[in-house]
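K.L.:
Dropping the structure in here first, questions after.
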Amino acid sequence: MVSQKVTINNPQGLHMRPAGVMAKFDSDVTINFNGKATNGKSLLNIIGACIKCGSEVEIQCDGADEEEALKTAIEMIESGLGE
């Protein structure tokens, strides 16, 4: 398992785009925020987590392609989720 903390800098917060991108990986992806673990591959769970701009989250990836999954998630978040 690998993990990294990152701050959400997108004005709309964390939204559905990451779930679509992360679904292509075999690894489990978990977003830890505010004491709760959220499935990072589930659109509904990400939306339900209500992760706003400025929030610090920890991304955890566990599985065969965990390094690539974590790298992709961090790059996507740091780049503003493509917006």
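K.L.:
State which residue is most open to solvent (accessible area, probe 1.4 Å) when the search covers only segment 19-45 and only residues that are at pLDDT 90 or above and among the hydrophobic types (A, V, I, L, M, F, W, C).
P.N.:
Among those that are at pLDDT 90 or above and among the hydrophobic types (A, V, I, L, M, F, W, C), it is ALA37.
K.L.:
If we keep just the residues of segment 24-45 that are more than 11 Å from the chain's Cα centre (by Cα) and in a loop (DSSP other than H, G, I, E, B), which is nearest to VAL2 (Cα to Cα)?
P.N.:
Among them, the one singled out is SER27.
K.L.:
Next question, about the same structure. Of everything in segment 46-83, what is open to solvent by less than 70 Å² (accessible area, probe 1.4 Å) and assigned to a helix (DSSP H, G or I)? Give them in sequence order.
P.N.:
Result: ILE46, GLY48, ALA49, GLU66, ALA69, LEU70, THR72, ALA73, ILE74, MET76, ILE77.
K.L.:
Scanning for something open to solvent by 80 Å² or more (accessible area, probe 1.4 Å), touching a residue at least 24 places away in the same chain (Cβ under 8 Å) and among the β-branched types (Val, Ile, Thr), does segment 1-18 turn up at least one residue?
P.N.:
No, because not a single residue in segment 1-18 is open to solvent by 80 Å² or more (accessible area, probe 1.4 Å), touching a residue at least 24 places away in the same chain (Cβ under 8 Å) and among the β-branched types (Val, Ile, Thr).
K.L.:
Still on this structure, please answer the following. Just the residues that are in contact with a helix residue (DSSP H, G or I) (Cβ under 7 Å, 6 or more places away or on another chain) and of a type in the set (A, V, I, L, M), please, taken from segment 32-83.
P.N.:
Correct list: LEU43, ILE46, ILE59, ALA69, ALA73, MET76, LEU81.
K.L.:
Moving on to the next point. Could you tell me how many of the residues in segment 46-63 are among the aliphatic types (A, V, I, L, M) and at pLDDT below 95?
P.N.:
Within segment 46-63, residues that are among the aliphatic types (A, V, I, L, M) and at pLDDT below 95 number 4.
K.L.:
Let me ask another. Looking only at segment 19-37, count every residue that is among the β-branched types (Val, Ile, Thr) and without any contact (Cβ under 8 Å) to a residue 12 or more places away in the chain and tell me the total.
P.N.:
Within segment 19-37, residues that are among the β-branched types (Val, Ile, Thr) and without any contact (Cβ under 8 Å) to a residue 12 or more places away in the chain number 0.
K.L.:
Only one residue in ILE74, ILE59 is under 10 Å from the mean Cα position of the chain (by Cα), closer than 11 Å to ILE8 by Cα and touching a residue at least 24 places away in the same chain (Cβ under 8 Å), so which one is that?
P.N.:
Checking each option against the conditions leaves just ILE74.
The values are calculated or read from the model by the stated rules, or taken from the named source; none is laboratory data. All of these numbers come straight from a predicted model, not from anything done at the bench. Positions of Cβ are backbone-derived with ideal geometry, glycine not excepted, and every protein chain shown enters the neighbour counts. Just the protein is used for accessible areas: all its heavy atoms, side chains included, with ligands, DNA and RNA removed. Shrake-Rupley method; radii C 1.70, N 1.55, O 1.52, S 1.80 Å.
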